[in-house]
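Here's the structure, in structure tokens; my notes come after.
The values are calculated or read from the model by the stated rules, or taken from the named source; none is laboratory data. Since this is a predicted model, take the numbers as computed values, not measurements. Neighbour counts are summed over all protein chains in view; Cβ atoms, including those assigned to glycine, are modelled from backbone coordinates with ideal geometry.
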Amino acid sequence: MSRWEEKVQTILNQIGPLDEAAMAAAQARLDRLTKPPGSLGQLEAYAVRLAGIAGTVQARFPKKAVVVMAADHGVVEEGVSAYPAEVTPQMVRNFLTGGAAINALARLAGADVVCVDVGVAVDIDHPALVRKKVRYGTANFTKGPAMTRAEALEALCVGIEVAEELADRGYRLLATGEMGIGNTTSAAALLAAFTGDDPADCVGRGTGVNAAALARKAEAVRRALAVNRPDPHDPVDVLHKVGGLEIAALAGLMLGAAARRVPVVVDGFPASSAALVACRLAPRVKDYLFPSHQSAERGHRRLLALLGLAPPLHVDMRLGEGTGAVLAFHLLEAACRIRDEMATFADAGVSGPVVAEEAAQP
Ligand SMILES: Cc1cc2ncn([C@H]3O[C@H](COP(=O)(O)O)[C@@H](O)[C@H]3O)c2cc1C
Ligand SMILES: O=C(O)c1cccnc1
């Protein structure tokens, strides 16, 4: 086993079950608060699961971050994106100087933006950039594997390391962000490879491609599968053949965070393809994932259904960068405020239900 393989295996073994006692205690507290039981819907479910993840009723997020993994994609030369590849490093600089959508939304949510170069095609010089480049972009996967198996494992380990570093620095809530022109083609290829679905049903308009480019995307995915023959039962095989470096790193981030009992909010289509890889590697990681929004990108619905995740936000976003995930931070924070700040029936002197059994009825 290689060093990277060993590290991934070690992390997979470290992902533990949710703390049932903490969840039962959180549920009991929620049921004593001044509201009909369950009336705060998913917010209550979040409060319970966050307790199960943290191992304490009072799960808190003193520090939170969106991790934007950035990398380039060789498949861009097939004409699959509406924008040129140089937008990837240009947007990385934009993240670092605070001018992107994710920066505005992260400021609102009180979250830090951590930008990681895991495979951008050029070098970027900025003190705040986390430099963990595995290679200078993937190869064009319509002609052969996107990267070697070793590189995919190394990129997974980049994500694991970033999760570990952030957990060590006190971060208790993470969001998955990505930047990589061409990455919706890679995400669609991963979806098609794992499911056997028709590539035409997996691709979407990404940055806003026209009908001709959409057809080229489906054709690129079809050729990628024919040329590489990824084995759907071997997630790392699929990942290295048709994945992306930032997608691999995000899958690793989810695994590393779960091993440290840190919840992760999953963004749109490329981020959810990373969640699929992570869940195929370790089904238990799903307990640590929170969906955020239903992206307008075609294929995202199918991906979320495969993952068994139902997103709370339906706002027609299709940007990426972690924007939807950071918006969902507000819902998780809201869940914690309710749990911690509401009075109980006894404290507030509010009468309970007249007929106990009716309390749970809608
Ligand atoms: C200015 C700009 C900012 C972005 N921020 C995220 N993406 C998003 O678009 C890319 C995926 O779409 P496709 O597969 O069509 O290239 C990713 O980089 C994604 O994060 C952006 C795209 C652009 C153009
Ligand atoms: O769903 C997403 O996150 C998305 C959609 C289009 C382009 N980039 C990202």
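Conditions (1) in contact (Cβ under 8 Å) with a residue 40 or more places away in the chain; (2) of a type in the set (G, A, S), marked per residue:
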| position | (1), (2) |
| --- | --- |
| G119 | yes, yes |
| H126 | no, no |
| V130 | no, no |
| F141 | yes, no |
| A155 | yes, yes |
| E161 | yes, no |
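Across segment 160-214, the number of residues qualifying as within 16 Å of ligand 1 (Cβ to nearest atom) and either of a type outside the set (A, V, I, L, M, F, W, C) or within 19 Å of A85 (Cα to Cα) (or both) comes to 26.
Scanning segment 265-280 for residues that are surrounded by 22 or more Cβ atoms within 10 Å (Cβ to Cβ) and either among the acidic types (D, E) or within 16 Å of L153 (Cβ to Cβ) (or both) yields D267, A274, V277, A278. Evaluate segment 294-312: report whether one residue or more is in contact with a Ser or Thr (Cβ under 6 Å, 6 or more places away or on another chain), small (G, A, S) and assigned by TED's automatic domain parsing to the domain that holds A82. Scanning segment 294-312 turns up no residue that is in contact with a Ser or Thr (Cβ under 6 Å, 6 or more places away or on another chain), small (G, A, S) and assigned by TED's automatic domain parsing to the domain that holds A82.
Residues P312, P283: which one is within 30 Å of A155 (Cβ to Cβ) and free of Cβ contacts under 8 Å to residues at least 40 places away in the same chain? Testing whether each residue is within 30 Å of A155 (Cβ to Cβ) and free of Cβ contacts under 8 Å to residues at least 40 places away in the same chain leaves just P283.
Give L108, L96 a once-over and let me know the one that is assigned to a helix (DSSP H, G or I), modelled with pLDDT of 95 or more and touching a strand residue (DSSP E or B) at 6+ places or on another chain (Cβ under 7 Å). Answer to the selection: L96.
Candidates are the residues of segment 7-36 that are of a type in the set (D, E, K, R), part of a helix (DSSP H, G or I) and at pLDDT 95 or above; the one that is surrounded by the most Cβ atoms within 10 Å (Cβ to Cβ) is R29. When the helices (runs of 4 or more DSSP H) confined to segment 275-362 are screened for residues that are in contact with a Leu (Cβ under 7 Å, 6 or more places away or on another chain) and not polar (S, T, N, Q), those reaching at least 3 such residues are found at 300-307, 323-341.
V262 meets the conditions (1) surrounded by fewer than 18 Cβ atoms within 10 Å (Cβ to Cβ); (2) not in a helix (DSSP H, G or I) in every case but one. The failed one is (1).
Taking the options V92, V57, V68, name whichever one is within 16 Å of ligand 2 (Cβ to nearest atom), over 16 Å from H330 (Cβ atoms), touching a residue at least 40 places away in the same chain (Cβ under 8 Å) and over 18 Å from the mean Cα position of the chain (by Cα). Write out each step before concluding.
Working: V57 fails: within 16 Å of ligand 2 (Cβ to nearest atom); V68 fails: over 18 Å from the mean Cα position of the chain (by Cα).
Just a single option satisfies the conditions, and that option is V92.
Scan segment 286-309 residue by residue and report those that are basic (K, R) and in contact (Cβ under 8 Å) with a residue 60 or more places away in the chain. Give the derivation first.
Residues of segment 286-309 basic (K, R): 286, 298, 301-302.
If the condition is that a residue be basic (K, R) and in contact (Cβ under 8 Å) with a residue 60 or more places away in the chain, then R298, R302 are the ones that fit.
For segment 216-262, filtering for residues that are over 14 Å from L281 (Cβ atoms) and out of contact with any strand residue (DSSP E or B) (no Cβ under 7 Å at 6 or more places or on another chain) leaves 19.
Taken residue by residue, segment 142-149 has no member that is surrounded by 23 or more Cβ atoms within 10 Å (Cβ to Cβ) and either in contact with a strand residue (DSSP E or B) (Cβ under 6 Å, 6 or more places away or on another chain) or not in a loop (DSSP other than H, G, I, E, B) (or both).
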